[in-house]
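The values are calculated or read from the model by the stated rules, or taken from the named source; none is laboratory data. Please read these numbers as outputs of a predicted model, since none were measured by experiment. Here the Cβ is made from the backbone with ideal geometry for all residues, glycine too, and neighbour counts use every protein chain on show. Calculation scope for accessible area: heavy atoms of the full protein, side chains included, ligands and nucleic acids excluded. Shrake-Rupley method; radii C 1.70, N 1.55, O 1.52, S 1.80 Å.
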Amino acid sequence: MKALDLKLLRDLWRIRGQALAIALVVGAATATFVMSLGVYRSLMETRDIYYERNHFADVFSGMTRAPRSIVGRIETIEGVRHAEGRIIQYATLDIPGRVESIRTVINSVGEGGETDLNRLTLVAGRGPRSSAAGEIVIDEAFADANGFAPGDEIDALIYGTRERLTVVGIGLAPDYIYAIAPGELIPDESRFGIFWMGERALEAATNRTEAINFISMTLERGASEAEVIRRLDVILAPFGGTGAYGRDDHPSNAFVDNELMQLDVMTTTIPPVFLIVSTFLVYIVLGRLISTEREQIGLLKAFGYTDGAIAWHYLKFALAISALGILIGWAAGAWMGRGMTALYTEYYRFPFLYYRISPSIFAIAALLAAGSAVLGAMGGVRTVIGLTPAIAMAPPQPPIYKTGFLERVGQKAGFTSIGHMIVRHIGRWPVRSGITVFGVALSLGLLFSTMQFLDGTNEMLEANFFRAQNQDLTVALIEAGNEEVLHNLASIPGVLRVEATRAASARLRNGHRSERVAIESASSNTRLWSRIDASGREIPLPPAGLMLSGQLAAKLDIRAGDRVEVDMLEGRRIRTQIPVVTTISEYIGSRAYADSVTLERLTRDNSPVGSALLRIDPAAREDILDELREMPIVLGVTERRATLDKFREMIDDNMITMIGFYIAFASAIVIGVVYNSARIIFSERARELATLRVLGYHKQEVGLILLGQIALLVALAVPVGCLTGYALGQSLAAAFSSDLFRLPFAPTRGTYGFSIVVVLVAAALTALIVARRVARLDMVRVLKARD
Amino acid sequence: MAETTTNRDRSTAQPAFRATGLRKTYDMGETQVHALRGVDLEIGAGEVLVLLGPSGSGKSTLLNIVGALDRPTAGQLWYEDTELTALNDHALTRFRRAHVGFIFQFYNLIPSLTAEENVRLVTDIATDPMPAAEALELVGLGDRRAHFPAQLSGGEQQRVAVARAIAKRPHVLFCDEPTGALDSKTGIKVLETLANANAELGATLIIITHNAGIAGMADRVFNFLDGRIASIEVNETRIAPSEISW
């Protein structure tokens, strides 16, 4: 090995603590990059392969009922490659020992479970025979959550008739990767299952011989989805078509897309933060190393080493540190990616998961990390090249200190000499001090901006479940009915209040923009249902016209006062124009509202009750749920409490893991920045600190100079970090928002406090580790040598 | 004035320091370096002592131990009635803080503090210090107090160091090659300030030097060789720093 390389290795070993601290930051950059991009690509590839293998359709539409022969007609639409009809039927289940409402959606499949589109993948058992009554395949998540296996029997209330179903197989399908019950926000596999039943058997059970109520189709390459949807709506209108939609609006696919979008945002926001910090760390550490090795550099040049050779020597130093970081990051990223992917599989159901990080991701991560190290080394390399042998071998100019602005303030405030030492050293090295402040601030900002997701989610829950909803139960009905249903429900003992709501499918158009929505309504004297905007104000339903959520208004490019074209997809299917009276800023979904009279005028079917909101006596809950299960008109019951609990559980599961990661990441930055700053300050001031010890200062007092300087810089970083976090959090919340959710940016004081405490604790512990060196200062040796 | 008592009186007066069997051994891995091989001494209060000897003869090691910067491997050391060798680190620091002033070859000023602030570093923690400005006046730098070390000459810097050392009214002043980095004219100026401190504050003065000429201003001269005090010379009369031949 060349002598210069030996020097490199020994230098690295000598500053191993600092090198490791930088490597940790580089590692965090690499790890987040590998993790988020790895998971993103794995998830996307898995989804694409799954969609292709199982022939996930491109366009879908529901309808009340149509003859099976309609499929052939639909296949003649230009651009449609293949269409397939099926029956989709919601049902409730009666599982012994379970009080709560458990729902299922039953899909018809061909003989043995075969279909052309949205194919079922069996993971156990076999497919149902087409005409075998009661044979079903159930989805894997539901089976796992409720402990069902092939051979088990489940009692169901299908289309008003009690049937005993036999589980013959367990499977999954691409149209239910993310399966949420109607009206719910998140999957609850213990209360909502996906079933598949033979076509003939389901026809018989639902009295739909040779009829279908759902159609899926694939499109030819290059076909216009919008045009197919338009023609499809026309064909299906007489059959009660509820409006066709493409993959983008397919509930399961939309959630998967949403998740992928969020991962993509993470990939482009988080790693750069670490890369910036590691660049700066390399800059200051290499800068310090070079300034302490001036004489050696001069000597090497005097011996005849070229500028290039010496520059390369120090560049290798930076590269070696980043190489260590890359290795750490690769391993951590792959490990965390696996953990994260496992989390996804709890909510997104795939029959297989390609968790594979391609070599290109590792390579890109390494290139980015090495690139940032090289960038950070550039300042040092320039210094090295600029040194002439003669200058390099003369001692450096003593640092010139000045009394600055802060000083004059300090003088009045009665700064001690120690105070002056701290402030002037900071002022003497403004770039390095700035980097310390900036690095700690970024760490705080990163932690805060990820922690605020928890607040945003809580705010969303608060708004949705507490402020806007006052019911205990939501009872969905098989079809919209009239007030009689309400009387029946009100007569159940323990029911305290019953209100009607309805949601009617419609397509809203403004020029070429069109959105399929459900127009939701409630009676004018509602006490259980309210629309609360993002600022917490209750917005009453307009007496006439529509109220649109801000997201929907934006998508349609409509403002309050404009008129919107409405194609009703329910009731008498009228087409009309109606004013948009107001918009409301909401978090969940793209929604439209009207008061019950307005909606009745639009549907004209004299069926104002689509579902009922119930307020109940908690003591009577079980009896009420039993009673509801027996009512043929009831499609399902949602309990607000259970949904909320499930949501909280999901947050706890996911967020806690994520928060753990981000605390670790933020700490990595703080450790990297504070450790290196403190070590540099220590090495620059070792002589001064030893002098103070000689002059009679105790270790603690001398340690305070070091700690005080770090503390001052960290204290400056706190407000900067809060501002950084505020800006970063706001843009992350905006970037995470999609058609499904608009994540509010609603950080609480607790989140500021928590982030600050984490950063301060990490900084304090790190600084203390360095401060311990004060105790080991060798007064004699330091004072003997000339600096 | 100092000249009213004889040198012999001073060295046998109530001793400030007493040491018996001081040894210091450094472990250098496989070998051991014996820096002190058994030193017994008494240093009188107010005495001016010069330690002479070649590099590595043990004079700095002794100064570090007597100055409470380092501990002996064996032996005992008293300052008045206090056994320094029995004190813990904290108590040694307190001892330095209360009684000791140091002056170094390379001044060891804090570059980020002005001359006056460097002196205040000591007066801030001393029990009965003189004002920092007064200390600077004593070394003739009253008009340079707002200057940073980088703005002062070497001699001026060393005088600031002297001011810093005497400002606490120390009982003993340790000087390790105080003129080693200075030319003769500046060196004499610094030595004059030290002699004044001895005369006016009654501080015991212990000076390490390579410069045998300085020995003339001492009451006694310890000649070091090989970790031991090889010989002690007693000067019947002390010469003034200005008379020292450089």
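Among the candidates A:ASN525, A:ASN510, the residue that is outside the structural domain of A:ARG65 (by TED's automatic domain parsing), out of contact with any helix residue (DSSP H, G or I) (no Cβ under 7 Å at 6 or more places or on another chain) and not hydroxyl-bearing (Ser, Thr, Tyr) is uniquely A:ASN525.
Taking A:THR657, is it open to solvent by 20 Å² or more (accessible area, probe 1.4 Å), part of a helix (DSSP H, G or I) and over 17 Å from A:ALA522 (Cβ atoms)? It is true that A:THR657 is open to solvent by 20 Å² or more (accessible area, probe 1.4 Å), part of a helix (DSSP H, G or I) and over 17 Å from A:ALA522 (Cβ atoms). Among the conditions (1) within 10 Å of chain A (Cβ to nearest Cβ); (2) small (Gly, Ala, Ser); (3) within 16 Å of the chain's Cα centre (by Cα); (4) not in a strand (DSSP E or B), the only one that B:SER112 does not satisfy is (3). Filtering the stretch B:115-150 to residues that are more than 19 Å from B:HIS171 (Cα to Cα) and not in a helix (DSSP H, G or I) leaves B:GLY140, B:LEU141, B:ARG145, B:ALA146, B:HIS147, B:PHE148.
Scanning the stretch B:117-130 for residues that are more than 7 Å from chain A (Cβ to nearest Cβ) and surrounded by 24 or more Cβ atoms within 10 Å (Cβ to Cβ) yields B:ASN118, B:VAL119.
With respect to the conditions (1) more than 14 Å from chain B (Cβ to nearest Cβ); (2) of a type in the set (S, T, N, Q); (3) over 27 Å from A:VAL437 (Cβ atoms), A:THR691 falls short on a single one, namely (1).
A:SER535 meets the conditions (1) assigned to a loop (DSSP other than H, G, I, E, B); (2) without any contact (Cβ under 8 Å) to a residue 40 or more places away in the chain in every case but one. The failed one is (2). Check the stretch A:766-775 and report whether any residue there is of a type in the set (Val, Ile, Thr), outside any loop (DSSP other than H, G, I, E, B), in contact with a Leu (Cβ under 7 Å, 6 or more places away or on another chain) and open to solvent by 10 Å² or more (accessible area, probe 1.4 Å). Looking for residues that are of a type in the set (Val, Ile, Thr), outside any loop (DSSP other than H, G, I, E, B), in contact with a Leu (Cβ under 7 Å, 6 or more places away or on another chain) and open to solvent by 10 Å² or more (accessible area, probe 1.4 Å), one finds none in the stretch A:766-775, hence no. Checking the stretch A:592-600 against the condition returns a match, with at least one residue being over 28 Å from A:LEU461 (Cβ atoms) and open to solvent by 30 Å² or more (accessible area, probe 1.4 Å).
Being in contact with a Phe, Trp or Tyr (Cβ under 7 Å, 6 or more places away or on another chain), of a type in the set (Val, Ile, Thr) and buried (at least 18 other Cβ atoms within 10 Å of the Cβ) is a property that holds for A:VAL256. All of (1) over 19 Å from A:ALA666 (Cβ atoms); (2) free of Cβ contacts under 8 Å to residues at least 40 places away in the same chain; (3) among the aliphatic types (A, V, I, L, M) hold for A:VAL757 with one exception: (1).
Filtering the stretch B:79-95 to residues that are in contact with a strand residue (DSSP E or B) (Cβ under 8 Å, 6 or more places away or on another chain) and either at the interface with chain A (Cβ under 9 Å from one of its Cβ atoms) or on the phi > 0 side of the Ramachandran plot (or both) leaves B:GLU80, B:PHE95. Looking only at residues in the stretch B:157-195 that are of a type in the set (Asp, Glu) and more than 14 Å from chain A (Cβ to nearest Cβ), the one that is most open to solvent (accessible area, probe 1.4 Å) is B:ASP183.
Scanning the stretch B:82-112 for residues that are of a type in the set (S, T, N, Q) and open to solvent by 30 Å² or more (accessible area, probe 1.4 Å) yields B:THR82, B:THR85, B:ASN88, B:GLN105.
Within the set A:TYR283, A:TYR305, the sole residue that is of a type in the set (Phe, Trp, Tyr), modelled with pLDDT under 90 and open to solvent by 50 Å² or more (accessible area, probe 1.4 Å) turns out to be A:TYR305. Of the residues A:GLU639, A:GLU684, A:GLU630, A:GLU622, the single one that is buried (at least 17 other Cβ atoms within 10 Å of the Cβ), away from chain B (no Cβ under 14 Å) and not hydroxyl-bearing (Ser, Thr, Tyr) is A:GLU639.
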